[in-house]
Amino acid sequence: MSVFMDLNIIAISDKKKLQNIIETAAHLGYSTVAINYVLEPQQKKQQIPKPLSVSELCEKLPIVQGKARPIKVLNRLTVVATDASHFRPSNEYKNFDILAVFPKTEKLFHAACMTYDVDIISIAATEKQPFHCKRSPINGAIERGVFFELSYTAAIRDSTMKKYTIANAINLVDVCKGKNVIMASGAETPLELRGPYDITNLGLVFGLSEGDAKAAVSTNCRSAVLHGETRMTALGIIHMKKKSQPPSEQPEEETPALKKAKTESL
Amino acid sequence: MVRLKARYLLCEVCVSDSSSLRLLEEKAIYQAVKAAVIKAHGEYGAALFSIGSTVTYLNAYTGVVILRFRKAHFQLLWSALPFISSIWSQGQKVRCFFNCIHVGGTIRTCQKFLVRYGRQQLCRMLPHCKTEAEKQEVRRAVMSCSLKKFRVDDDDDDDDEEKEET
């Protein structure tokens with residue numbers, strides 16, 4: 001049995017509701033969820049949101065269905081980019097486990113695929129994608145290990161959205177041949193979540209093959225999370241941490257405080 | 001003789017408020033699934049749905065449903081299930097969603113899975129018990145279904161009704 005993940009649960013200010021969603025996700029068998037904070041820089045003066053720490057959110061995490069471990073909660077930031085100036089790597093991005101970008105124009109999509117240091121590229125679900133997915137940027141993204149996200153909640157809410165979601169999904173899957181696609185919910189209420197097996201089957205409607213559809217809720221999500229982890233380190237090989245030193249000692253500049261080799265592959 | 005092969009989808013109807021599960025009826029679920037299939041796949045879907053699709057089992061206490069589809073096109077019909085967000089039953093709208101937990105070739109495999117799943121649910125319930133009496137009740141239920149399983153091994157026993165105790 002594989003590990004299922006849902007990497008898109010919209011962050012709502014109501015803590016009680018968020019807990020409720022996490023509980024439902026655990027009941028459905030998701031062992032990792034990511035709480036998604038959306039940043040829309042075109043609206044003036046919007047600050048990068050501060051992620052809630054997991055312990056702050058709920059003191060006791062629910063146990064995953066069929067497993068003995070509690071559910072894992074990550075934080076994710078989605079930057080909605082309509083202009084090249086919107087996505088600028090800053091230190092505040094480092095508070096989040098996963099970084100996603102939602103490009104609105106073809107130029108930005110190209111840049112997101114080829115150069116931006118992100119883990120996930122979101123594909124529009126509520127409108128027709130205004131540009132055509134070209135093969136070269138998508139191949140570049142696959143090579144760099146960036147994932148494309150399809151969210152299905154909009155399709156459940158409304159039938160017009162469903163048309164757009166399916167059209168955009170098939171458009172993408174045709175070009176990337178089912179590789180590097182993840183499916184996530186984007187749910188705002190517990191009743192908008194769906195079980196992992198249902199989503200796997202829904203992947204068939206989106207033009208994915210059975211194996212790719214299963215990977216889209218399990219292994220690809222895991223790769224995306226690991227990709228997010230490597231963003232904090234030097235190519236996933238070296239991880240540096242500041243050691244808290246007693247104040248009397250002189251800090252030594254030549255040797256780093258703590259070097260830890262990580263064996264994760266990219 | 002060649003038998004007609006079917007696929008049985010063991011689904012759980014998830015609602016926010018468990019008391020509304022009592023309202024569910026087989027007919028209402030059939031209508032809801034039919035409407036969803038027609039909406040998702042049009043007349044073609046309706047035609048496929050009209051042959052050999054039934055609601056085989058419904059437990060209105062735990063919200064467990066077994067849907068039966070023909071094997072040849074059950075994936076197409078299944079893909080309509082995620083788009084159900086409410087069921088009209090007894091004149092009331094029950095907001096819910098279907099969570100498929102098992103796909104089996106016979107009712108028997110579904111039943112076996114359901115017994116195991118029901119026991120798992122009871123174990124999950126144990127840490128949430130508030131009072132000692134509740135705890136005892138759940139423990140008794142866990143013991144009863146595991147012992148029965150041990151004794152008769154694979155005989156028919158369908159005892160996940162105890163779940164509604166707490």
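Structure data summary
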quantity	calculated
Scan of region A:186-205 for residues that are more than 14 Å from B:Asn99 (Cα to Cα) and more than 7 Å from chain B (Cβ to nearest Cβ), ordered by number	A:Gly186, A:Ala187, A:Glu188, A:Thr189, A:Gly203
Residues being of a type in the set (A, V, I, L, M, F, W, C) and surrounded by fewer than 16 Cβ atoms within 10 Å (Cβ to Cβ) - total across region B:49-75	2
Lone qualifier among A:Asn180, A:Asn201 - being crowded, with 22+ Cβ neighbours inside 10 Å and on the phi > 0 side of the Ramachandran plot	A:Asn180
Selected residue (criterion: nearest to the other protein chains (Cβ to nearest Cβ)) from residues of region B:66-83 that are assigned to a helix (DSSP H, G or I) and over 11 Å from B:Val33 (Cα atoms)	B:Gln75
Qualifying residue in region B:52-65 (condition: touching a residue at least 40 places away in the same chain (Cβ under 8 Å), in contact with a Leu (Cβ under 6 Å, 6 or more places away or on another chain), of a type outside the set (Asp, Glu) and outside any helix (DSSP H, G or I))	yes
Residue selected from region A:1-36 under the condition of a type in the set (Ser, Thr, Tyr) and surrounded by fewer than 20 Cβ atoms within 10 Å (Cβ to Cβ), by the criterion modelled with the lowest pLDDT	A:Ser2
Within region B:110-135, considering residues that are aliphatic (A, V, I, L, M) and under 23 Å from the mean Cα position of the chain (by Cα), the one surrounded by the fewest Cβ atoms within 10 Å (Cβ to Cβ)	B:Leu126
Residue within region B:117-129 that is at negative phi, outside any helix (DSSP H, G or I) and at pLDDT below 80 present	yes
Residue check, B:Phe83 touching a strand residue (DSSP E or B) at 6+ places or on another chain (Cβ under 7 Å) and surrounded by 17 or more Cβ atoms within 10 Å (Cβ to Cβ)	no
Test for B:Lys34: is it basic (Lys, Arg), assigned to a helix (DSSP H, G or I) and within 23 Å of A:Ser151 (Cβ to Cβ)	no
Condition broken by B:Leu23, with the remaining ones in (1) touching a Ser or Thr at 6+ places or on another chain (Cβ under 6 Å); (2) closer than 26 Å to A:Phe206 by Cα satisfied	(2)
Conditions (1) surrounded by fewer than 17 Cβ atoms within 10 Å (Cβ to Cβ); (2) more than 14 Å from chain A (Cβ to nearest Cβ); (3) under 15 Å from the mean Cα position of the chain (by Cα); number of the one not met by B:Ala46	(3)
Filter result (among the small types (Gly, Ala, Ser) and touching a residue at least 40 places away in the same chain (Cβ under 8 Å)) within region B:29-51	B:Ala32, B:Ala36, B:Ala40
Residues satisfying the stated conditions in region A:165-212, i.e. part of a helix (DSSP H, G or I), of a type in the set (Gly, Ala, Ser) and closer than 12 Å to A:Tyr152 by Cβ	A:Ala169, A:Gly203
Flag for B:Ile107 being under 25 Å from A:Tyr152 (Cβ atoms) and either among the β-branched types (Val, Ile, Thr) or surrounded by 16 or more Cβ atoms within 10 Å (Cβ to Cβ) (or both)	no
Some residue of region A:70-78 being modelled with pLDDT under 75 and out of contact with any helix residue (DSSP H, G or I) (no Cβ under 8 Å at 6 or more places or on another chain)	no
Region B:86-116, residues that are assigned to a helix (DSSP H, G or I) and away from chain A (no Cβ under 11 Å)	B:Ile107, B:Arg108, B:Thr109, B:Cys110, B:Gln111, B:Lys112, B:Phe113, B:Leu114, B:Val115
Enumeration of residues in region B:92-127 that are of a type in the set (Lys, Arg), in contact (Cβ under 8 Å) with a residue 40 or more places away in the chain and within 20 Å of B:Leu81 (Cβ to Cβ)	B:Arg95
Per-region count, region B:9-27, residues at pLDDT 85 or above and part of a helix (DSSP H, G or I)	1
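The values are calculated or read from the model by the stated rules, or taken from the named source; none is laboratory data. Since the model is a prediction, treat every value here as computed from it, not as a measurement. Because the Cβ atoms are built from the backbone with ideal geometry, glycine has one as well, and the counts that use them run over all protein chains shown.
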